[in-house]
Ligand SMILES: Cc1cc2nc3c(=O)[nH]c(=O)nc-3n(C[C@H](O)[C@H](O)[C@H](O)COP(=O)(O)OP(=O)(O)OC[C@H]3O[C@@H](n4cnc5c(N)ncnc54)[C@H](O)[C@@H]3O)c2cc1C
């Protein structure tokens with residue numbers, strides 16, 4: 001007995017210690033285990049090296065069809081009909097050409113109608129086009145402006161589950177909200193895996209003012225980590241006041257108790273959008289931007305069977321654009337805030353389902369935030385949430401949320417800009433002045449909140465996306481968020497296959513998007529594989545690719561880093577299209593703007609390989625200059641227009657049109673009103689920075705120091721020192 005008692009006295013502590021050790025070890029392992037960070041592993045396709053005889057072999061990539069070829073394909077679809085499933089032929093009366101005609105057309109696959117025509121080239125539309133193309137469907141997408149010209153280029157750039165949605169889910173015991181967060185967290189990981197060059201992890205700080213808030217936010221962020229499960233990468237952590245200030249020195253010290261840091265994704269939204277369009281094009285989709293849908297066509301039984309379109313580029317060239325018809329078995333409306341305008345083309349008296357809400361962002365210089373740490377203010381003065389994030393070297397702050405009307409290029413309201421600045425000031429140290437003049441760009445995006453037309457009138461707006469089909473077969477996908485574009489596309493294509501009786505097929509001849517024999521792990525067997533289909537540029541990308549670019553082509557390091565994150569492995573092509581500088585170093589790449597790492601080769605690449613058709617396509621969606629600094633974008637316009645004119649053979653009239661439309665566009669990106677009338681000559685002679693305008697009073701950056709250099713005294717008051725004493729603008 002005594003021996004047993006002694007044994008258990010020894011064993012019990014041993015068991016407790018071992019148990020505690022195991023639990024502690026498991027906890028430590030889960031916190032400090034090595035993470036599989038997208039882009040950190042070696043590239044799927046290694047960078048090029050020297051081949052036989054020491055010859056350098058740059059990578060060579062497949063090209064998508066040209067815009068003209070794509071338009072020809074669109075036109076061919078309205079040739080003689082064939083190939084439609086019997087269900088479709090019967091249902092929509094396409095058999096009218098007779099069996100003979102149909103059989104003849106059968107031989108010309110190109111002249112068959114599309115399985116699907118997608119209207120709208122934002123995140124939703126391009127996601128659908130890629131999904132459909134990789135399931136072997138014949139798909140076309142038309143976008144009336146540029147890919148991502150709508151809401152999709154104007155997001156907060158977060159790839160996130162949404163910590164604030166989680167908070168609401170918990171407090172309101174809202175299962176749908178909770179499910180939304182979990183789904184978005186899963187999608188976040190796919191996003192980062194399929195486009196590791198365009199997206200990355202970003203630590204985001206939640207400042208804590210009161211000690212009792214710490215356990216609340218700690219539990220919230222840990223729950224967020226937990227929900228992400230194995231899809232998570234870095235886990236959240238607590239920072240004491242001193243560590244919080246070390247990580248974010250701009251933060252106001254008073255009343256600061258500490259901070260919690262959690263991780264989310266951030267991305268380059270419009271480049272992601274363009275990459276989706278280009279990847280879909282490589283997989284065989286017909287994607288055409290600047291092609292507007294002006295009407296929908298129905299057969300005798302009232303089912304939709306096509307759309308009328310016009311080429312907006314023909315009009316920009318001063319010619320009348322002839323409308324033509326694209327035939328498709330199914331039409332998908334993915335027009336975001338414009339959802340109702342397309343629904344009305346189908347049924348003019350239909351009740352509207354979109355409640356548009358404006359979200360404004362401002363861009364401030366990068367010195368307002370640390371280079372790799374964002375901040376969220378979960379409790380602004382009126383309860384809205386504000387993000388304050390580093391983005392492309394600058395700081396992005398936003399967003400507001402207020403009811404609006406739907407317009408094409410909405411302008412950020414002065415009151416909304418002021419509200420954001422006021423909220424930021426509450427968080428930053430009092431000696432850091434946040435001035436209106438520090439706003440380098442400001443834009444407004446329209447959130448298409450949607451109401452389910454099939455739900456009762458009393459039911460509110462759906463918080464996630466909506467997929468709904470009208471009686472005549474218009475399939476609408478709207479709402480949701482950037483992070484879940486892939487899932488929305490999957491659901492829409494599933495629905496389209498059912499609704500239009502389509503047959504998904506294995507892709508036997510998948511393109512070599514990687515430029516080599518290396519393929520994705522995705523078995524393209526007709527099922528949805530977009531969670532594994534890597535986007536154009538992803539295969540050869542790694543976080544060290546820029547070094548190869550610097551070593552082989554003599555590109556500046558800052559520029560090489562930027563090119564690799566914007567174009568992935570296609571940075572090789574961009575670099576090769578960049579002009580030699582005729583200097584010892586850098587060897588290639590002339591900057592478009594002295595302030596940013598954008599170079600001439602990008603303009604050529606975007607025209608040749610990304611369907612850029614206007615100067616705004618380049619300065620806003622391909623390179624992000626217009627979003628980062630509206631005045632720098634204005635100053636870069638002459639070079640961009642000249643390079644595009646060379647590539648696209650523009651005459652002087654078209655160049656003048658480009659000037660006017662691009663400057664007007666910059667007006668929606670925060671370019672001060674006084675600069676909207678500037679001519680190209682004005683800009684070239686340095687009048688963008690001339691003092692005789694409202695801006696003079698906004699800045700203090702030209703204050704005179706107490707010890708003057710001789711060169712200082714040459715500059716009389718009111719003259720612009722930036723452009724030199726002898727400049728015409730200073731006369
Ligand atoms: C301020 C703001 C911040 C946001 N931040 C985030 C975020 O951080 N993370 C996140 O996940 N989500 C975010 N979102 C949500 C996300 O941006 C949107 O859900 C998404 O971009 C919507 O994409 P879309 O393709 O449906 O719409 P859009 O991008 O607007 O695309 C619709 C397209 O249809 C085209 N079109 C319209 N009419 C026609 C026609 N007749 N013919 C041809 N084309 C036509 C338009 O030109 C447009 O390009 C944010 C939204 C807003 C407003």
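For region 502-537, name all the residues that are more than 25 Å from residue 492 (Cα to Cα) and touching a residue at least 24 places away in the same chain (Cβ under 8 Å).
Residues satisfying the conditions are 512, 514, 515, 516, 518, 537.
Given 527, 468, which one is within 16 Å of the ligand (Cβ to nearest atom) and over 21 Å from the mean Cα position of the chain (by Cα)?
The unique qualifying residue is 468.
Give just the number: which of (1) under 23 Å from residue 204 (Cα atoms); (2) modelled with pLDDT under 95; (3) within 16 Å of the ligand (Cβ to nearest atom) does residue 389 not satisfy?
(2)
Restricting region 124-142 to residues that are outside any helix (DSSP H, G or I) and under 17 Å from residue 292 (Cα atoms), which is farthest from the ligand (Cβ to nearest atom)?
139
Restricting to region 169-179, name every residue that is at pLDDT 80 or above and in contact with a helix residue (DSSP H, G or I) (Cβ under 6 Å, 6 or more places away or on another chain).
177, 178
Of everything in region 109-123 that's at pLDDT 95 or above and in a loop (DSSP other than H, G, I, E, B), which residue is farthest from the chain's Cα centre (by Cα)?
113
Of everything in region 359-385, what is modelled with pLDDT of 90 or more and more than 12 Å from the ligand (Cβ to nearest atom)? Give them in sequence order.
363, 364, 365, 366, 367, 368, 369, 370, 371, 372, 373, 375 - these are the residues of region 359-385 that are modelled with pLDDT of 90 or more and more than 12 Å from the ligand (Cβ to nearest atom).
Go through 547, 536, 555 for me and flag whichever is more than 26 Å from residue 284 (Cα to Cα) and buried (at least 20 other Cβ atoms within 10 Å of the Cβ).
Of the residues listed, the single one that is more than 26 Å from residue 284 (Cα to Cα) and buried (at least 20 other Cβ atoms within 10 Å of the Cβ) is 555.
Being at pLDDT below 95 and either crowded, with 19+ Cβ neighbours inside 10 Å or not in a loop (DSSP other than H, G, I, E, B) (or both) is the filter here, so list the residues in region 490-509 that pass it.
507 - this is the single residue of region 490-509 that is at pLDDT below 95 and either crowded, with 19+ Cβ neighbours inside 10 Å or not in a loop (DSSP other than H, G, I, E, B) (or both).
Tell me, please, whether a residue that is part of a strand (DSSP E or B), more than 16 Å from the ligand (Cβ to nearest atom) and either touching a helix residue (DSSP H, G or I) at 6+ places or on another chain (Cβ under 9 Å) or closer than 25 Å to residue 116 by Cα (or both) can be found in region 289-300.
Scanning region 289-300, I find at least one residue that is part of a strand (DSSP E or B), more than 16 Å from the ligand (Cβ to nearest atom) and either touching a helix residue (DSSP H, G or I) at 6+ places or on another chain (Cβ under 9 Å) or closer than 25 Å to residue 116 by Cα (or both), so the answer is yes.
Within region 164-186, identify whether any single residue is surrounded by fewer than 22 Cβ atoms within 10 Å (Cβ to Cβ), closer than 24 Å to residue 537 by Cα and away from the ligand (no atom under 15 Å from the Cβ), and answer yes or no.
no
Can you confirm whether residue 145 is at negative phi and either over 16 Å from the mean Cα position of the chain (by Cα) or more than 15 Å from the ligand (Cβ to nearest atom) (or both)?
It is false that residue 145 is at negative phi and either over 16 Å from the mean Cα position of the chain (by Cα) or more than 15 Å from the ligand (Cβ to nearest atom) (or both).
Being over 29 Å from residue 154 (Cα atoms) and more than 16 Å from the ligand (Cβ to nearest atom) narrows it down to one residue among 516, 573; which is it?
516
Do you know which residues across region 329-357 are more than 7 Å from the ligand (Cβ to nearest atom) and buried (at least 24 other Cβ atoms within 10 Å of the Cβ)?
Across region 329-357, the qualifying residues are 329, 330, 331, 332, 333, 339, 343, 354.
Give region 610-633 a look and list any residue that's in a helix (DSSP H, G or I), touching a helix residue (DSSP H, G or I) at 6+ places or on another chain (Cβ under 6 Å) and crowded, with 24+ Cβ neighbours inside 10 Å, or say none.
615, 616, 618, 619, 620, 621, 622, 625, 626, 630, 633
Looking only at region 443-450, decide whether some residue is in contact (Cβ under 8 Å) with a residue 12 or more places away in the chain and more than 14 Å from the ligand (Cβ to nearest atom).
No: zero hits.
Looking at (1) surrounded by fewer than 24 Cβ atoms within 10 Å (Cβ to Cβ); (2) within 15 Å of the ligand (Cβ to nearest atom); (3) closer than 17 Å to residue 139 by Cα, which is the one condition that is false for residue 326?
Result: residue 326 fails condition (1) only.
The values are calculated or read from the model by the stated rules, or taken from the named source; none is laboratory data. The structure presented is a predicted model; accordingly, all values stated were derived computationally and were not measured. Cβ coordinates were reconstructed from backbone atoms using ideal geometry, including for glycine residues, and neighbour counts include every protein chain displayed.
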